[in-house]
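Take a look at the structure below.
The values are calculated or read from the model by the stated rules, or taken from the named source; none is laboratory data. Please read all numbers here as calculations on a predicted model, not as lab measurements. Every residue, glycine among them, receives a Cβ derived from its backbone with ideal geometry; neighbour counts consider all protein chains shown. To get the accessible areas, we keep the full protein, side chains included, count just its heavy atoms, and leave off ligands, DNA and RNA. Shrake-Rupley method; radii C 1.70, N 1.55, O 1.52, S 1.80 Å.
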Amino acid sequence: MGEIEKMNHTKVTEFIILGFYEFPEMQLFLFILFLIIYLMCLTGNLLIIFTVCSDSHLHSPMFFFLCNLSFLEICYVTVTMPKLLAVLIAQNKTISFMQCMIQMYLFLVCTDVEFYLLTAMAYDRYVAICKPLHYTIIMNKKVSIILAIASWIIAFLMPVSYVTLISQSFFCSSNKINNLFCDATALMSLSCSGTYVIETLTYIEGSLLGFTPLILTIISYVYIISAILKMHSAKGRQKAFSTCSSHLTVVLLFYGTSLGVYMRPKSAYSMDLNKLLTVVYITVIPLLNPLIYSLRNKELKETLWKTTRRTIFSQNY
């Protein structure tokens with residue numbers, strides 16, 4: 001039996017991404033829909049990066065982390081969306097084994113980076129609201145850069161062992177991935193090797209990467225909310241809450257979907273539910289992030305409006 005599995009494993013040189021195979025008549029519509037979402041994600045996040053970089057008044061730690069987050073969202077959609085668009089419009093459903101592993105690795109890297117960046121942003125808001133007099137000393141430029149670089153470096157290192165284990169699994173039952181990209185949970189469902197080690201590693205890393213940043217974020221917001229409630233001025237409370245409400249919204253969206261996808265036991269795995277959560281994960285969140293921050297942050301909203309007006313005015317004249 002072991003020899004048969006090994007033979008079948010060597011034959012798996014490519015995978016087939018099924019995408020939305022359940023809706024053959026809607027492929028063109030879905031292609032247009034996801035293309036619009038992809039372009040909106042790129043435009044919105046690039047606009048935030050350009051606006052923050054071009055305005056010296058926005059050169060603060062909060063907007064520095066926001067730029068990192070916007071760049072990350074661009075990476076998110078670019079890792080998954082081009083292949084999904086090819087699946088929808090050209091019916092080019094095949095992806096090589098190596099390309100699949102690279103796509104899965106890069107997607108996990110992006111996920112890990114977002115965990116760390118959101119935690120760093122929560123700490124930044126904690127210092128700004130709870131220790132305003134020491135904010136410029138604690139959250140100086142050097143500290144902000146270190147936190148951002150550490151987030152990216154750790155994120156690139158953490159998924160290596162996980163992806164290596166999956167790449168060495170035997171895929172002897174099927175090579176059809178019933179998802180929108182090379183998702184780790186979908187690949188594990190195709191494996192006929194024992195997945196106990198991989199599942200155990202998922203929960204260990206999930207606890208470290210997901211719950212540890214989540215706990216740190218919750219602790220930060222406990223202190224933030226406590227500090228806001230102690231403020232005597234209603235205007236001061238409103239201003240303090242407005243600076244962190246957008247971040248809190250993004251945190252709830254991201255953690256809700258990511259923990260739903262990756263921390264469910266295999267017995268509770270549902271292809272339809274996972275595909276729905278994946279759509280939210282790879283399209284809705286990267287699309288909503290720039291909208292949430294631009295609409296709920298008064299300073300950024302005003303600067304975006306000025307930049308847009310200046311651009312339109314310069315083109316007309």
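Annotations for the structure displayed:
- Contour excess over end-to-end distance, with Cα ends at residue 306 and residue 167 and 0.36 nm allotted per residue: 45.1 nm
- Estimated from the Cβ-Cβ distance and a Förster radius of 30 angstrom, the FRET efficiency linking residue 276 and residue 145 is about 0.20.
- Environment charge of residue 226, counting only residues whose C-beta is closer than 14 Å and scoring Lys/Arg +1, Asp/Glu -1: +4
- For the stretch 58-178, accessible area per residue (1.4 Å probe, heavy atoms of protein chains only), Å²: 41
- Apportionment of accessible area to carbon and sulfur, the stretch 116-246, percent (1.4 Å): 72
- In the complete set of protein chains, residue-level accessible area for residue 221 is approximately 20 Å², probe 1.4 angstrom.
- Note on surface exposure: 38, 123 rank 123, 38 by accessible area, highest first, 1.4 Å probe.
- Residue 28 versus residue 153: modelled label distance in nm, points set 7 Å from Cα along the beta carbon direction: 5.2
- Put a dot 7 Å past the Cα of residue 233, heading toward its Cβ, do the same for residue 135, and the two dots end up 1.2 nm apart.
- Residue 208-residue 291 FRET efficiency (beta carbon distance; Förster radius 41 Å; 0.05 resolution): 0.85
- Overall form of the stretch 14-301 per C-alpha gyration tensor (a/c, 1.5; a/b vs b/c): prolate
- Taking label points 7 Å from Cα along the Cα-to-Cβ direction, residue 299 and residue 226 give a separation of 2.5 nm.
- The calculated FRET efficiency for residue 196 paired with residue 96, based on their beta-carbon distance and R0 = 45 Å, is about 0.95.
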